[in-house]
Amino acid sequence: MVEDIKKRIERLRNEIRRHDYLYYVLNQPEISDRQYDKLFAELKALEQAEPHLLTGDSPTQRVSGRPLEAFASIRHAVAMLSMDNALTGDELRAFDERVAKGLAGGDYDYVVELKIDGLAISLRYEDGLLVTAATRGDGEAGDDVTANVRTIKAIPLVLLSNGKIPGVLEVRGEVYMPEKSFLELNGLREEAGEPVFANPRNAAAGSLKLLDARITAARNLAFFAYATGEVSVPLAQNHWQSLAQFRKLGLPVNPNTKKADNIDQVIDFCLGWAEKKEKLDYQIDGMVVKVNRFDQQDSLGATGRAPRWCIAYKFPAEQAETIVGTIDVQVGKSGILTPVANLAPVQLAGTTVKRASLHNFDELNRLDVREGDTVIIEKAGEIIPQVVQVKPELRPADAKPFEIPKKCPDCRAEVARDEAGVYIRCMNPNCPGRLKERLKYFAGRGQMDIENLGSALIEQLVETGLVKNFADLYKLTSDKLVGLERMAEKSAANVIKAIADSKTQPLWRLIAALGIRHIGGQSAQILAGHFASLDALMDADEEALSQIDQVGPIMAKSVYEYFRNPENRGVINALTAAGVKPRRSENRRSDKLAGKTVVVTGTLENFTRQQAEYAVTQAGGKAASSVSKKTDFVLAGANPGSKLDKALSLGIKVLNEKEFLRLIGRE
Ligand code: IVH
């Protein structure tokens, strides 16, 4: 009996590994996510019933339970060198001439790859099992990030035996964050009042260097293999063949790789990708050109820091030069101070840029940006404009280093560095600057959704002292508003009505609107689904909160602590007293969309995209990111873009928001 179970467990593990391979390496899944989940659930159940049969290489064992205290260091068996750069076609030709000379007239060819903008990692497999994973570090030794790397589903815990597996095989490659995951992550962080990542590379690096692998597991990192370190038996005689071997072993290799016979082909391919790179769903910052044959690589050797057989062709970044007028310090809703540069307006990659976040004061110091400076700005990964360089030679003589504020620019209260030492926070819970941001968030579309209560009005309400907390909003009257700037009787009445209407918003919106750290719209929906009322949520202890599926220990602690604060309780009592009476949660689970795949696109009125996707899953459906023949519905809001075109061309049913609400029974 146990013998049978053992066999079944082994079979399931191999099945799951094979499907991982089909999905991540070949990009040709054979089964649906649902079928995959079923295999996975069966394996998990069997392993739970027979815990002695559990092994570390099981696909169920990617995420370890306990956070690390610190990272250990791992010495690389073979150093991880860096690469020389070429910035132009001519520099690539110069590289080719050096190669030709170094190989003294012998024939050679190249392999050209995308230069993935993530972070380099070295995976060590012994007898086919992943034993360690380390960051590049200083090239000689890096951090042991094995626990985190194990959570990346594209990285096999066990190599497939389609090919010969060397006793020791070190695989090097790039861990990266797909653009979609990056945008989602930042969206969630913004909702939860946490600082956003400047670009996908930082997000990938930040996610890999977390001490708690459970958080890394939720970050959706991906991987491409592109080199070997120590190997006990060579995989192949040249790089091209070794990439093919990687694939056979179950390691993902980037499909956009080319074998080139000469430097002209190399240059063509590189320039071609400079044009096409935006089409990828991850970021690349250039191309990598490698001499193909290993014996030729060896004979070319390396200079101190970089091999002579490869070179990185870096794409020219879209940059612009402009002048920093002033540097403002903004207070966010969680009290974090962010320096922002006001710029002389300049065109960059299709938009006019007037401001650029300097992210935090460490970054500002590193760049040494001063008011009056001439700076180079760049779109970080084509997304957010940022200052990358200061031109000190153009600095006005009287420009002084920017001083890190010792007091909040808004309320003059003390500031303090947070635990990680990067962010500075205003410590005054009643800071008006912070209050403005909290109110804007409270009234925002993803929260209480109070129409007509915009930023300019909120600022006036705080400055005139009419509003000191959330509850004060509900005590406003038309009389009090009339007299504020641009407030005629009619518009005042509209504002008051919109505020009154929000009193019966669903419970999750109120929970989200409070701005509890780590609790954005999606987590608020989960909480609202579990508690019948705000009172019940307020009384829940940390233990009960962390038992809830999808509520981690960090969220549980944050919610618990928020409601233990007498001031927060006071505001909630005042909200209740002012007549705020949230509707009982409407998002009980249903199966109205069972078996249906829905793609959400465009700007919706009642939901952010994440909330709509959550509503889809709550109704038993699956939310997908791209439209294909398998899509059942596309939910389209304003400015839907290419997904709508694709849906129409495939004849897929397109729903507007009203139809969607009706379909899931919320209308
Ligand atoms: S090969 C001797 N191939 O670029 C260097 N590197 O600037 C071996 N990178 O640290 C690296 N894509 O993080 C190689 N296809 C690719 C790459 C790649 C990205 C990164 C890698 C490396 C950095 C050097």
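The values are calculated or read from the model by the stated rules, or taken from the named source; none is laboratory data. Please read these numbers as outputs of a predicted model, since none were measured by experiment. Counting neighbours? That spans all protein chains shown, and the Cβs are built from the backbone with ideal geometry, glycine included. Ligands, DNA and RNA are excluded from the accessible area calculation, which covers all protein heavy atoms including side chains. Shrake-Rupley method; radii C 1.70, N 1.55, O 1.52, S 1.80 Å.
Specify the residue that is surrounded by the most Cβ atoms within 10 Å (Cβ to Cβ); the eligible residues are those in segment 433-460 that are assigned to a loop (DSSP other than H, G, I, E, B) and of a type in the set (S, T, N, Q).
My answer is Gln447.
Given the options Glu414, Glu463, Glu485, name the one that is open to solvent by 60 Å² or more (accessible area, probe 1.4 Å), without any contact (Cβ under 8 Å) to a residue 40 or more places away in the chain and touching a Pro at 6+ places or on another chain (Cβ under 8 Å).
Numbers: Glu414 fails: touching a Pro at 6+ places or on another chain (Cβ under 8 Å); Glu485 fails: touching a Pro at 6+ places or on another chain (Cβ under 8 Å).
The unique qualifying residue is Glu463.
Before we move on, is Asp143 open to solvent by less than 60 Å² (accessible area, probe 1.4 Å), among the charged types (D, E, K, R), within 16 Å of the ligand (Cβ to nearest atom) and not in a loop (DSSP other than H, G, I, E, B)?
Spelling it out, Asp143 is indeed open to solvent by less than 60 Å² (accessible area, probe 1.4 Å), among the charged types (D, E, K, R), within 16 Å of the ligand (Cβ to nearest atom) and not in a loop (DSSP other than H, G, I, E, B).
So which of Ala227, Ala192 is within 16 Å of the ligand (Cβ to nearest atom) and not β-branched (Val, Ile, Thr)?
Values: Ala192 fails: within 16 Å of the ligand (Cβ to nearest atom).
Criteria check complete, one pass: Ala227.
Yes/no per residue for (1) in a helix (DSSP H, G or I); (2) within 22 Å of Leu208 (Cα to Cα); (3) open to solvent by 40 Å² or more (accessible area, probe 1.4 Å):
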residue	(1), (2), (3)
Arg17	yes, no, no
Asp20	yes, yes, no
Tyr24	yes, yes, yes
Pro29	no, no, yes
Asp37	yes, no, yes
Phe40	yes, no, yes
Lys44	yes, no, yes
Val63	no, yes, yes
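Of the conditions (1) open to solvent by less than 30 Å² (accessible area, probe 1.4 Å); (2) modelled with pLDDT of 90 or more, Asp212 satisfies every one except a single condition; which number is it?
Only one criterion in (1) open to solvent by less than 30 Å² (accessible area, probe 1.4 Å); (2) modelled with pLDDT of 90 or more is unmet by Asp212, namely (2).
Restricting attention to segment 236-248, which residues are open to solvent by less than 30 Å² (accessible area, probe 1.4 Å) and either assigned to a strand (DSSP E or B) or away from the ligand (no atom under 15 Å from the Cβ) (or both)?
Within segment 236-248, Ala236, Asn238 meet the criteria.
Can you report the number of residues in segment 523-547 which are farther than 19 Å from Ile450 by Cα, out of contact with any strand residue (DSSP E or B) (no Cβ under 9 Å at 6 or more places or on another chain) and part of a helix (DSSP H, G or I)?
Number of matching residues: 16.
Tell me whether segment 393-409 contains one or more residues that are open to solvent by less than 40 Å² (accessible area, probe 1.4 Å) and not aliphatic (A, V, I, L, M). Spell out how you get there, then give the answer.
Within segment 393-409, the subset open to solvent by less than 40 Å² (accessible area, probe 1.4 Å) is 399, 405, 408.
From what's left, not aliphatic (A, V, I, L, M): 405, 408.
Scanning segment 393-409, I find at least one residue that is open to solvent by less than 40 Å² (accessible area, probe 1.4 Å) and not aliphatic (A, V, I, L, M), so the answer is yes.
Any residue at all in segment 295-311 that's open to solvent by less than 10 Å² (accessible area, probe 1.4 Å), touching a Ser or Thr at 6+ places or on another chain (Cβ under 8 Å) and either assigned to a loop (DSSP other than H, G, I, E, B) or not hydroxyl-bearing (Ser, Thr, Tyr) (or both)?
Scanning segment 295-311, I find at least one residue that is open to solvent by less than 10 Å² (accessible area, probe 1.4 Å), touching a Ser or Thr at 6+ places or on another chain (Cβ under 8 Å) and either assigned to a loop (DSSP other than H, G, I, E, B) or not hydroxyl-bearing (Ser, Thr, Tyr) (or both), so the answer is yes.
Give me the pairs, please: first residue somewhere in segment 506-521 and at positive phi, second residue anywhere and assigned to a helix (DSSP H, G or I), beta-carbon distance under 6 Å, and either six or more positions apart or on two chains.
Gly515/Arg438; Gly515/Tyr441; His518/Ile554; His518/Met555; His518/Ser558
I'd like to verify a number: residues in segment 215-230 that are crowded, with 19+ Cβ neighbours inside 10 Å and assigned to a strand (DSSP E or B), how many?
Counting residues in segment 215-230 that are crowded, with 19+ Cβ neighbours inside 10 Å and assigned to a strand (DSSP E or B) gives 7.
Mind checking which residues of segment 123-140 are closer than 24 Å to Leu221 by Cα, within 15 Å of the ligand (Cβ to nearest atom) and open to solvent by 10 Å² or more (accessible area, probe 1.4 Å)?
Within segment 123-140, the first condition is being closer than 24 Å to Leu221 by Cα, and the residues that meet it are 123-126, 128-139.
Then keep just the ones that are within 15 Å of the ligand (Cβ to nearest atom); that gives 123, 133-139.
Within segment 123-140, Arg136, Gly137, Asp138 qualify.
Among (1) charged (D, E, K, R); (2) free of Cβ contacts under 8 Å to residues at least 24 places away in the same chain; (3) more than 29 Å from Tyr313 (Cβ to Cβ), which single condition is Asp264 missing?
Condition (3) is where Asp264 drops out.
Can you tell me which of Leu251, Leu221, Leu210 is in contact with a Ser or Thr (Cβ under 7 Å, 6 or more places away or on another chain) and within 15 Å of the ligand (Cβ to nearest atom)?
Leu221
Among the numbered conditions (1) in a strand (DSSP E or B); (2) under 26 Å from the mean Cα position of the chain (by Cα), tell me where Asp328 comes up short.
For Asp328, the failing item is (2).
Which residue pairs have Cβ atoms under 7 Å apart, sit 6 or more places apart or on different chains, and have a first residue in segment 71-84 that is small (Gly, Ala, Ser) and a second that is not in a loop (DSSP other than H, G, I, E, B)?
That search, which allows pairs on different chains as well, returns Ala72/Asp144; Ser73/Ala141; Ser73/Asp143; Ser73/Asp144; Ala77/Glu170; Ala77/Gly229; Ala77/Glu230.
Going residue by residue through segment 283-298, is there one that turns out to be farther than 26 Å from Met80 by Cα and away from the ligand (no atom under 13 Å from the Cβ)?
So far as segment 283-298 goes, no, none of its residues is farther than 26 Å from Met80 by Cα and away from the ligand (no atom under 13 Å from the Cβ).
Among the residues of segment 499-507, are any under 30 Å from the mean Cα position of the chain (by Cα) and surrounded by 21 or more Cβ atoms within 10 Å (Cβ to Cβ)?
Yes: one or more hits.
In segment 601-624, what residues are over 24 Å from Gly444 (Cβ atoms), in contact with a strand residue (DSSP E or B) (Cβ under 7 Å, 6 or more places away or on another chain) and touching a residue at least 40 places away in the same chain (Cβ under 8 Å)?
Within segment 601-624, Lys622 is the sole residue that qualifies.
Filter segment 628-667 for residues that are in contact with a Leu (Cβ under 7 Å, 6 or more places away or on another chain), under 17 Å from Gly602 (Cα atoms) and part of a loop (DSSP other than H, G, I, E, B) and give the result.
Gly637
Those residues that are touching a residue at least 12 places away in the same chain (Cβ under 8 Å) and open to solvent by 40 Å² or more (accessible area, probe 1.4 Å), I need them from segment 270-284; list them, please.
Passing the criteria: Leu271, Glu278, Asp281.
Residue check, Asp57 against (1) open to solvent by 30 Å² or more (accessible area, probe 1.4 Å); (2) in a loop (DSSP other than H, G, I, E, B); (3) within 16 Å of the ligand (Cβ to nearest atom), all met but one. Which one?
Just one mismatch for Asp57, condition (3).
Name the residues in segment 304-323 that are more than 11 Å from the ligand (Cβ to nearest atom), farther than 28 Å from Met177 by Cα and touching a residue at least 60 places away in the same chain (Cβ under 8 Å), would you?
Glu321
Condition check ((1) more than 9 Å from the ligand (Cβ to nearest atom); (2) part of a strand (DSSP E or B); (3) more than 26 Å from the chain's Cα centre (by Cα)) across all residues:
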| residue | (1), (2), (3) |
| --- | --- |
| Ala77 | yes, no, yes |
| Met80 | no, no, yes |
| Phe95 | yes, no, yes |
| Ala104 | yes, no, yes |
| Ile121 | no, yes, no |
